[in-house]
1. Suppose we keep only residues that are in contact with a strand residue (DSSP E or B) (Cβ under 8 Å, 6 or more places away or on another chain) and assigned to a loop (DSSP other than H, G, I, E, B) within the stretch 87-105. Which one would you say is modelled with the highest pLDDT?
2. Do you know which residues across the stretch 56-68 are more than 11 Å from the chain's Cα centre (by Cα) and either of a type in the set (A, V, I, L, M, F, W, C) or part of a loop (DSSP other than H, G, I, E, B) (or both)?
3. Tell me which of these residue 117 doesn't satisfy, since it passes every other one: (1) more than 18 Å from residue 42 (Cβ to Cβ); (2) of a type outside the set (Val, Ile, Thr); (3) in contact with a strand residue (DSSP E or B) (Cβ under 7 Å, 6 or more places away or on another chain); (4) touching a residue at least 60 places away in the same chain (Cβ under 8 Å).
4. So which residues in the stretch 43-68 are within 14 Å of residue 149 (Cα to Cα) and touching a strand residue (DSSP E or B) at 6+ places or on another chain (Cβ under 7 Å), if there are any at all?
5. Filter the stretch 127-142 down to residues that are surrounded by fewer than 21 Cβ atoms within 10 Å (Cβ to Cβ) and in contact with an Asp or Glu (Cβ under 8 Å, 6 or more places away or on another chain) and give me whichever is modelled with the highest pLDDT.
6. Of the numbered conditions (1) out of contact with any Ser or Thr (no Cβ under 7 Å at 6 or more places or on another chain); (2) more than 19 Å from residue 58 (Cβ to Cβ); (3) touching a residue at least 12 places away in the same chain (Cβ under 8 Å), residue 90 fails exactly one; give the number of that condition.
7. Can you spot a residue in the stretch 106-122 that is part of a helix (DSSP H, G or I), of a type outside the set (A, V, I, L, M, F, W, C), at pLDDT 95 or above and surrounded by fewer than 18 Cβ atoms within 10 Å (Cβ to Cβ)?
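The values are calculated or read from the model by the stated rules, or taken from the named source; none is laboratory data. In this text the structure is predicted, and so the values were computed from the model without any measurement. Positions of Cβ are generated from backbone atoms using ideal geometry, with glycine treated the same way; all protein chains shown enter the neighbour counts.
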Amino acid sequence: MAEGSSNDAGKGKNIVEDKDYEREFQYKDEMQLEFVFNVGHVKDFELSMPYRAQLTNDKWNLFLRGPYFEDILLQFLKEEEDVKEGLPVTVYDKGGHEFPMMLKKFDKDSITYYVLNRGWFNFCDQKRLQENDVVALRTFRHAITDELSFVVTFTKMR
């Protein structure tokens, strides 16, 4: 069955590694992050490396798989924060607009994955994101609220 079909909905796709594409994507991603530092959202200027995902046809959930995302997240989680129960987070776009969402952790068949939802559809709809577009998610703590937060940048692939 093809990836992105109904059985794979929302599971994310592997992004083809191309060095020229990677450099171009990194440059665009960094240019979109300028506002985060200019307005002082990022606590102690600690912003994670990007976690990239290619979107599937599931606009209700952003599935974040693999140990790489968990390694990033654990650097920012507080001991008392329980992602399995669901953790309210704020997602920012490149313009500084806030999107309240929920981050949850699921374990299935010895595989751990995280899901951003309860607001992901609204984000995709407002940004006109579609299947195959690439998003880059960076984690940080908000400088004022100390809330776990993300900034999402993206590249449209059409």
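1. Among those that are in contact with a strand residue (DSSP E or B) (Cβ under 8 Å, 6 or more places away or on another chain) and assigned to a loop (DSSP other than H, G, I, E, B), it is 93.
2. Answer for the stretch 56-68, where residues must be more than 11 Å from the chain's Cα centre (by Cα) and either of a type in the set (A, V, I, L, M, F, W, C) or part of a loop (DSSP other than H, G, I, E, B) (or both): 56, 57, 58, 59, 60.
3. Unmet for residue 117, out of (1) more than 18 Å from residue 42 (Cβ to Cβ); (2) of a type outside the set (Val, Ile, Thr); (3) in contact with a strand residue (DSSP E or B) (Cβ under 7 Å, 6 or more places away or on another chain); (4) touching a residue at least 60 places away in the same chain (Cβ under 8 Å): (4).
4. Those that are within 14 Å of residue 149 (Cα to Cα) and touching a strand residue (DSSP E or B) at 6+ places or on another chain (Cβ under 7 Å): 43, 46, 47, 48, 50, 51.
5. Once the filter is applied, the top-ranked residue is 127.
6. Of everything listed in (1) out of contact with any Ser or Thr (no Cβ under 7 Å at 6 or more places or on another chain); (2) more than 19 Å from residue 58 (Cβ to Cβ); (3) touching a residue at least 12 places away in the same chain (Cβ under 8 Å), residue 90 misses just condition (1).
7. Within the stretch 106-122, the first condition is being part of a helix (DSSP H, G or I), and the residues that meet it are 120-122.
So of that shortlist, the ones also of a type outside the set (A, V, I, L, M, F, W, C) come out as 122.
Filter again for at pLDDT 95 or above, leaving 122.
Add one more test, that the residue is surrounded by fewer than 18 Cβ atoms within 10 Å (Cβ to Cβ), and what stays is 122.
So far as the stretch 106-122 goes, yes, one or more of its residues are part of a helix (DSSP H, G or I), of a type outside the set (A, V, I, L, M, F, W, C), at pLDDT 95 or above and surrounded by fewer than 18 Cβ atoms within 10 Å (Cβ to Cβ).
The rows are residues; the columns are (1) within 15 Å of residue 152 (Cα to Cα); (2) of a type outside the set (A, V, I, L, M); (3) touching a Phe, Trp or Tyr at 6+ places or on another chain (Cβ under 9 Å); (4) part of a helix (DSSP H, G or I).
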{"site": "70", "(1), (2), (3), (4)": "no, yes, yes, yes"}
{"site": "79", "(1), (2), (3), (4)": "no, yes, no, no"}
{"site": "85", "(1), (2), (3), (4)": "no, yes, no, no"}
{"site": "139", "(1), (2), (3), (4)": "yes, yes, yes, no"}
